[in-house]
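Have a look at the structure below before the remarks.
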Amino acid sequence: MNWKRYWRRGVSTVLICLAGWLLLGIYQDREFGESYLFLKHRPTLKFYFRAPLGESERTLKELAPEQRAEEMLFQAYVEQGGGNQRCLRLFIW
């Protein structure tokens, strides 16, 4: 009956990792480029968020479609969703 315990432990580990992936994310600061771990306001498969616009004077219309989508996700999850208020700075050398 040891296999049941290992099976439960394995399933539990997979579920915890999946929940972490869905509810946690990393974003790169718009101004300084520092990385932060944050709690998402709703689950998504996207894990790394960055702002292609940065601090430039360009607008969304001037970006390529892929960069525009990335910028909109950054705004939705980090700026408007409050991710920048629920974060921890990551010390990555």
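What to note about this one:
- Residue within region 80-91 that is touching a residue at least 12 places away in the same chain (Cβ under 8 Å) and over 14 Å from the mean Cα position of the chain (by Cα) present: no
- Contact annotation: residue pairs with Cβ atoms under 7 Å, 6 or more positions apart or on different chains, pairing a residue in region 40-51 that is over 16 Å from ASN84 (Cβ atoms) with a partner that is of a type in the set (Phe, Trp, Tyr), are PHE47/TRP21.
- In region 44-72, the residues that are more than 11 Å from TYR27 (Cα to Cα) and within 11 Å of the chain's Cα centre (by Cα): THR44, LEU45
- Filtered by the rule that a residue be surrounded by 13 or more Cβ atoms within 10 Å (Cβ to Cβ) and part of a loop (DSSP other than H, G, I, E, B), region 14-33 gives ASP29, ARG30.
- Single residue of region 49-80 satisfying the filter (in a loop (DSSP other than H, G, I, E, B) and out of contact with any Phe, Trp or Tyr (no Cβ under 9 Å at 6 or more places or on another chain)) that is surrounded by the most Cβ atoms within 10 Å (Cβ to Cβ): LEU63
Here is a yes/no grid of residues against (1) at positive phi; (2) modelled with pLDDT of 90 or more; (3) of a type outside the set (Phe, Trp, Tyr):
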{"site": "LEU15", "(1), (2), (3)": "no, yes, yes"}
{"site": "PHE32", "(1), (2), (3)": "no, no, no"}
{"site": "TYR48", "(1), (2), (3)": "no, yes, no"}
{"site": "MET72", "(1), (2), (3)": "no, yes, yes"}
{"site": "GLY82", "(1), (2), (3)": "yes, no, yes"}
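- Checking each residue in region 46-74 for being of a type in the set (Lys, Arg) and over 18 Å from LEU23 (Cα atoms) picks out ARG58, LYS61, ARG68.
The values are calculated or read from the model by the stated rules, or taken from the named source; none is laboratory data. The structure displayed is predicted, hence computed values, not measured ones. Every residue, glycine among them, receives a Cβ derived from its backbone with ideal geometry; neighbour counts consider all protein chains shown.
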